[in-house]
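Q: I have a structure I would like to understand better, so I am pasting it below and will then ask my questions one at a time.
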């Protein structure tokens, strides 16, 4: 028999970025709120403290801050002809765990989507006609526009403490910024950070070739900063320990630096760690949720937490898993195309170039996760999809993020992999290498989806979630387009050696090497209940007191890192709950 | 030690001389300074506000203890004094106190049973509270604080300090200033600041030096060496007057920010001042903090420019501050980092520079400036060494909720390394203070062993 806790106004599942945002915004309404976090508590000191945090083996290689697959994982297959097997050693993506979630160990790359990306189906239809949409692609419009979200992007950027330079201020193009970005109502809260030599070298070449380089926006502080909650950052020292690490000096945008201590002061907010939500409980008529049942790891028992409002703020994969386990939304069937939960899982299509210069010294240990110069000349709104034969785009960035010796040792492909030859190659090339990355969009497809695994179960006896995912020709064609353009830039930059790393047409998904933790979709937003799980306010269709935040809302993935859109949507949801829902709880659409 | 013996001798001698007088002269209690109507009632929250301004909890609430139940050990030159229970419990607390008895404790240091309080209770300062505030405070403790009946350790000082009657003579000398508050500026803000500093804030208790009889050398603006610097529990309480003092170097908003948040564009509040911010100053109104800052700025004749608004702006962006002229040489050394760089600057570069920078200027409101830092250069060397060993913790406040925690380096640096590092800090960027010895570090390491470990966490459900 489950223990029962006193009823709360709101229960929040997961205390990462969006759980913290919703907690803060809703606590200002005086609601009694509890957040449930499956992992442990963690803060700048002592968990991220210097010098313990700067341990590449413990955190970079052994993934000290990442979810342990033995505690929770999923099964993966590339298509219906394969048997999905459990992901036993995370590689391709690295879900977070504990207070702050993946927001504690990200790189700080914070972008807004382009306006066209949020209305992509219309953009394609209006410019080229729907006949260019490939068979099997689930191309959609977000049910909310860039202009509607703009105040919430702005709000998130000011809470999150983003450094950067506007390229489009209220329609006016500002030199030095991204000329292809959507309209901003005001500039970034902090000026852009200085960039390293590799980035300047790339930017000079790009500018000479007629492109439009700008400093990449960054969730890394360029100055001392106080955000609207009174939370603070100190300027970054370019130590090069961002992704996979917590920041030891309050310089990286994270729930720890931007929200949590302010949230802890709210008398009507509390949180419990080691509280792993097992399912959302539904009222007998199925039209509302009554709360959630979680596993209390300390007590070793199930607990029912009744609540009037349920916010699913877990990572995308686990939000979808909870929905599938709780019967929220009809499970998606890729054969019939019916159902919504688990539909439109998408990812990211990336590539890179590595340039070797015998006589250049790059000091690679100077850097941070979102260092560098970018160009958006091959972004979604700059490409003629009809002419190029794909739907998609990418932004490029060059800027070293770290010089960590185990994982950041790029060598020419023909170098020995061990022994004296390897040592010689390291001696020859360490510090003489730079790279350029292409970070590309990924569409949603009929076959790429999430459902419950028929075989494997987790430690609570629940079916694991199963991912069915493979690369698709459209996105690979986009990637090959980027490869060709990047080869031109590399040739212009005249390195002594260079190599390009872009997936070939026909490439199949390999879960082993790290690619990106930008898993999206599965509970997508939609104009009507037949097409998605949630409405434009991230409110579940047919269960009005359940809201779901995060990248699970993405109709298809954008060409950018998802955090900016995730944060903007979270504030959009918080605003809708505060201004529309609380006074009259009901379906908002 | 010699000073200590002189105090002992003087106190003993004074005691003998006044003994006869004490036999013949009855204790005289200071009457109320204003006659309030019988039906006078404090405004809602006034009593609690005076309690905050007076920082009663700092002494009368023990660590992890119940509010105002006393029992907090207070180290004094005479031995350990335990604070009393001031909850309205009739037996353990002050529940049986009349208003006159309550006022006598604040004004004259006389306990309900007629015994003398040790002057760890700052009645030299509380003596200047207005009658309205005395009444409000009495009302608060009698009616709003829950009674606590738990017994507390009795203060048991060695002879002669256990002879409380000796304090009577001390009081004759220490309480020569009139009770109540007299405004002098004819300016509402400055007079309010003066009142808060002199009376409830009892700033002089730490920031004024003590004379040979351990009396505050200056309890009001016009007396003695008022706020010219003192010490408490091994921490320097830096001067608040004089051209080099913080109120003269900082502008009024920054001074107010320091009081309200424990951090400003120059420094952070550590140790005892951190507690003052946490328990007292952050709970005052922004206007009152401005008033305190304005008074401190204007007291020695500084120009008082009041800020147009006390509302915090939505976000604050403050670029890195470059090294001043005095700091350029150190900055150049750290940036060039020659192979033969001494161990002190080398340790700084490896452990401290990421936050405090080669310039030693830190970052506004988050990493304190080390160049020109009072604590770094203080003759009281315990705080600097302790912070290197054990870290520092600026509390969460309403305006700046983030707990700023500097980690300690107890496990990473040995005594000699800490000494080298501290010595470097005391001479870098134009700082001008003497070296720290390895032996001194060893002493502080031993004394502060129990401070090591994780900082206090806020309550987590």
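Q: Just name the residue that is nearest to residue B:262 (Cα to Cα) out of those in the range A:256-270 that are surrounded by fewer than 23 Cβ atoms within 10 Å (Cβ to Cβ) and more than 9 Å from chain B (Cβ to nearest Cβ).
A: A:266
Q: Would you check which residues across the range A:347-396 are outside any loop (DSSP other than H, G, I, E, B) and surrounded by fewer than 24 Cβ atoms within 10 Å (Cβ to Cβ) and list them?
A: Our first condition is that a residue be outside any loop (DSSP other than H, G, I, E, B); within the range A:347-396, this holds for A:349-356, A:367, A:373-375, A:380-382, A:385-388, A:394-396.
Hits for the range A:347-396 are A:350, A:351, A:352, A:354, A:356, A:381, A:382, A:385, A:386, A:387, A:388.
Q: A further question follows. Would you confirm, using the coordinates I've provided, whether residue A:133 is in contact with a helix residue (DSSP H, G or I) (Cβ under 9 Å, 6 or more places away or on another chain) and over 21 Å from residue A:564 (Cα atoms)? Steps first, answer last, please.
A: Values: in contact with a helix residue (DSSP H, G or I) (Cβ under 9 Å, 6 or more places away or on another chain): yes; over 21 Å from residue A:564 (Cα atoms): yes.
It is true that residue A:133 is in contact with a helix residue (DSSP H, G or I) (Cβ under 9 Å, 6 or more places away or on another chain) and over 21 Å from residue A:564 (Cα atoms).
Q: Kindly list the number of the only condition in (1) over 29 Å from residue B:369 (Cβ atoms); (2) away from every other protein chain (no Cβ under 14 Å); (3) in contact (Cβ under 8 Å) with a residue 60 or more places away in the chain that fails for residue A:215.
A: Among (1) over 29 Å from residue B:369 (Cβ atoms); (2) away from every other protein chain (no Cβ under 14 Å); (3) in contact (Cβ under 8 Å) with a residue 60 or more places away in the chain, residue A:215 violates only (1).
Q: Could you tell me whether the range A:336-343 includes any residue that is over 24 Å from the mean Cα position of the chain (by Cα) and part of a strand (DSSP E or B)? Don't jump to the end; show me each part of the working.
A: Restricting attention to the range A:336-343, the residues satisfying the condition of being over 24 Å from the mean Cα position of the chain (by Cα) are A:336-339.
From what's left, part of a strand (DSSP E or B): none.
The answer is no, given that none of the residues of the range A:336-343 is over 24 Å from the mean Cα position of the chain (by Cα) and part of a strand (DSSP E or B).
Q: Right, something else. Somewhere in the range A:190-199, is a residue closer than 27 Å to residue A:393 by Cα and touching a helix residue (DSSP H, G or I) at 6+ places or on another chain (Cβ under 6 Å)?
A: No, the conditions are met nowhere in the range A:190-199.
Q: Would you mention how many residues in the range B:298-338 are within 14 Å of another protein chain (Cβ to nearest Cβ), over 13 Å from residue B:253 (Cβ atoms) and loosely packed, with under 15 Cβ neighbours inside 10 Å? Give the derivation first.
A: Step one: list which residues in the range B:298-338 are within 14 Å of another protein chain (Cβ to nearest Cβ), which gives B:311-322, B:334-335, B:337.
Checking the rest, the ones that are also over 13 Å from residue B:253 (Cβ atoms) come to B:314-315, B:317, B:319-322, B:334-335, B:337.
With loosely packed, with under 15 Cβ neighbours inside 10 Å added as a condition, the list becomes B:314, B:319, B:322, B:335, B:337.
Summing the residues that are within 14 Å of another protein chain (Cβ to nearest Cβ), over 13 Å from residue B:253 (Cβ atoms) and loosely packed, with under 15 Cβ neighbours inside 10 Å in the range B:298-338 gives 5.
Q: If you check B:353, B:406, which single one turns out to be touching a strand residue (DSSP E or B) at 6+ places or on another chain (Cβ under 9 Å), in the same structural domain as residue B:431 (by TED's automatic domain parsing) and modelled with pLDDT of 95 or more? Write out each step before concluding.
A: Working: B:353 fails: touching a strand residue (DSSP E or B) at 6+ places or on another chain (Cβ under 9 Å).
When all the criteria are applied, what remains is B:406.
Q: Scan the range B:159-177 for residues that are within 17 Å of residue B:226 (Cα to Cα) and without any contact (Cβ under 8 Å) to a residue 24 or more places away in the chain and report the count.
A: First pass over the range B:159-177, keeping only residues within 17 Å of residue B:226 (Cα to Cα): B:173-177.
Filter once more, so that each one left must be without any contact (Cβ under 8 Å) to a residue 24 or more places away in the chain: B:176.
The qualifying residues number 1.
Q: Looking only at the range B:361-402, which residues are over 30 Å from residue A:159 (Cα atoms) and within 14 Å of chain A (Cβ to nearest Cβ)? Steps first, answer last, please.
A: Just the residues of the range B:361-402 that are over 30 Å from residue A:159 (Cα atoms), to begin with: B:371-390.
Within the range B:361-402, B:387, B:388, B:390 meet the criteria.
Let's see how each residue does on (1) without any contact (Cβ under 8 Å) to a residue 40 or more places away in the chain; (2) loosely packed, with under 15 Cβ neighbours inside 10 Å; (3) assigned to a strand (DSSP E or B):
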| site | (1), (2), (3) |
| --- | --- |
| B:36 | no, yes, no |
| B:39 | yes, yes, no |
| B:47 | no, no, no |
| B:74 | no, no, yes |
| B:85 | no, no, no |
| B:96 | yes, yes, no |
| B:104 | no, no, no |
| B:107 | no, no, no |
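Q: Looking at (1) within 18 Å of residue B:249 (Cβ to Cβ); (2) touching a residue at least 60 places away in the same chain (Cβ under 8 Å), which is the only condition residue B:351 fails?
A: Of (1) within 18 Å of residue B:249 (Cβ to Cβ); (2) touching a residue at least 60 places away in the same chain (Cβ under 8 Å), only one is false for residue B:351: (1).
Q: Quick one: in the range A:7-42, which of the residues that are over 19 Å from residue A:315 (Cα atoms) and within 12 Å of chain B (Cβ to nearest Cβ) is nearest to the chain's Cα centre (by Cα)? Write out each step before concluding.
A: Step one: of the range A:7-42, the residues over 19 Å from residue A:315 (Cα atoms) are A:7-9, A:25-33.
Remaining after also requiring within 12 Å of chain B (Cβ to nearest Cβ): A:8, A:32-33.
Values: A:8: 30, A:32: 29, A:33: 26 Å.
Here the residue is A:33.
Q: Among the numbered conditions (1) within 29 Å of residue B:214 (Cβ to Cβ); (2) at pLDDT 80 or above, tell me where residue B:47 comes up short.
A: (1)
Q: Of these, A:505, A:500, which one is assigned to a loop (DSSP other than H, G, I, E, B), surrounded by fewer than 24 Cβ atoms within 10 Å (Cβ to Cβ) and in contact with a helix residue (DSSP H, G or I) (Cβ under 7 Å, 6 or more places away or on another chain)? Before the answer, list the steps.
A: Values: A:500 fails: assigned to a loop (DSSP other than H, G, I, E, B).
When all the criteria are applied, what remains is A:505.
Q: Just checking, does the range A:243-255 include any residue being within 11 Å of chain B (Cβ to nearest Cβ) and in contact with a helix residue (DSSP H, G or I) (Cβ under 6 Å, 6 or more places away or on another chain)? Please lay out each step first, then the result.
A: In the first step, residues of the range A:243-255 are kept if they are within 11 Å of chain B (Cβ to nearest Cβ); the result is A:247-251.
From the residues that got through so far, the ones that are in contact with a helix residue (DSSP H, G or I) (Cβ under 6 Å, 6 or more places away or on another chain) too are A:249-250.
Within the range A:243-255, one or more residues are within 11 Å of chain B (Cβ to nearest Cβ) and in contact with a helix residue (DSSP H, G or I) (Cβ under 6 Å, 6 or more places away or on another chain).
Q: In this structure, is residue B:383 buried (at least 18 other Cβ atoms within 10 Å of the Cβ) and under 21 Å from residue B:257 (Cβ atoms)? Explain how you work it out, then say what you get.
A: Values: buried (at least 18 other Cβ atoms within 10 Å of the Cβ): yes; under 21 Å from residue B:257 (Cβ atoms): no.
For residue B:383, the condition - buried (at least 18 other Cβ atoms within 10 Å of the Cβ) and under 21 Å from residue B:257 (Cβ atoms) - is not met.
Q: Got a sec? Which of A:405, A:410 is part of a loop (DSSP other than H, G, I, E, B), at negative phi and touching a strand residue (DSSP E or B) at 6+ places or on another chain (Cβ under 9 Å)? Steps first, answer last, please.
A: On the way: A:405 fails: touching a strand residue (DSSP E or B) at 6+ places or on another chain (Cβ under 9 Å).
Result: A:410 is the single residue among A:405, A:410 that is part of a loop (DSSP other than H, G, I, E, B), at negative phi and touching a strand residue (DSSP E or B) at 6+ places or on another chain (Cβ under 9 Å).
Q: Can you find a residue in the range B:444-453 that is within 11 Å of chain A (Cβ to nearest Cβ) and either under 23 Å from residue A:249 (Cβ atoms) or at pLDDT below 95 (or both)?
A: Let us first name the residues in the range B:444-453 that are within 11 Å of chain A (Cβ to nearest Cβ), namely B:453.
Remaining after also requiring either under 23 Å from residue A:249 (Cβ atoms) or at pLDDT below 95 (or both): B:453.
Yes, the range B:444-453 contains a residue that is within 11 Å of chain A (Cβ to nearest Cβ) and either under 23 Å from residue A:249 (Cβ atoms) or at pLDDT below 95 (or both).
Q: Follow-up question, since we're still on this one. Can you confirm whether residue A:283 is surrounded by fewer than 24 Cβ atoms within 10 Å (Cβ to Cβ), more than 9 Å from every other protein chain (Cβ to nearest Cβ) and either at pLDDT below 95 or more than 22 Å from residue A:229 (Cβ to Cβ) (or both)? Before the answer, list the steps.
A: Values: surrounded by fewer than 24 Cβ atoms within 10 Å (Cβ to Cβ): yes; more than 9 Å from every other protein chain (Cβ to nearest Cβ): yes; either at pLDDT below 95 or more than 22 Å from residue A:229 (Cβ to Cβ) (or both): yes.
Answer is yes for this residue.
Q: Take the residues of the range B:183-201 that are part of a loop (DSSP other than H, G, I, E, B) and surrounded by fewer than 19 Cβ atoms within 10 Å (Cβ to Cβ): which is farthest from the chain's Cα centre (by Cα)? Working first, answer last.
A: If we filter the range B:183-201 for residues that are part of a loop (DSSP other than H, G, I, E, B), which is where we start, we get B:183-187, B:199-201.
Subset that is surrounded by fewer than 19 Cβ atoms within 10 Å (Cβ to Cβ): B:183-187.
Details: B:183: 24, B:184: 25, B:185: 25, B:186: 28, B:187: 26 Å.
Taking the candidates together, the pick is B:186.
Q: Quick check on residue B:345: is it more than 9 Å from chain A (Cβ to nearest Cβ), touching a strand residue (DSSP E or B) at 6+ places or on another chain (Cβ under 8 Å) and either at pLDDT 95 or above or part of a helix (DSSP H, G or I) (or both)?
A: Working: more than 9 Å from chain A (Cβ to nearest Cβ): yes; touching a strand residue (DSSP E or B) at 6+ places or on another chain (Cβ under 8 Å): no; either at pLDDT 95 or above or part of a helix (DSSP H, G or I) (or both): yes.
No.
Q: Tell me the residue from B:150, B:133 that is outside any helix (DSSP H, G or I), on the phi < 0 side of the Ramachandran plot and not assigned by TED's automatic domain parsing to the domain that holds residue B:275, please.
A: Numbers: B:133 fails: outside any helix (DSSP H, G or I).
None of the other options fit; the residue is B:150.
The values are calculated or read from the model by the stated rules, or taken from the named source; none is laboratory data. Treat the numbers as computed from the prediction; the structure is a model and nothing was measured. Glycine also receives a Cβ, built like all others from the backbone with ideal geometry; neighbour counts cover every protein chain displayed.
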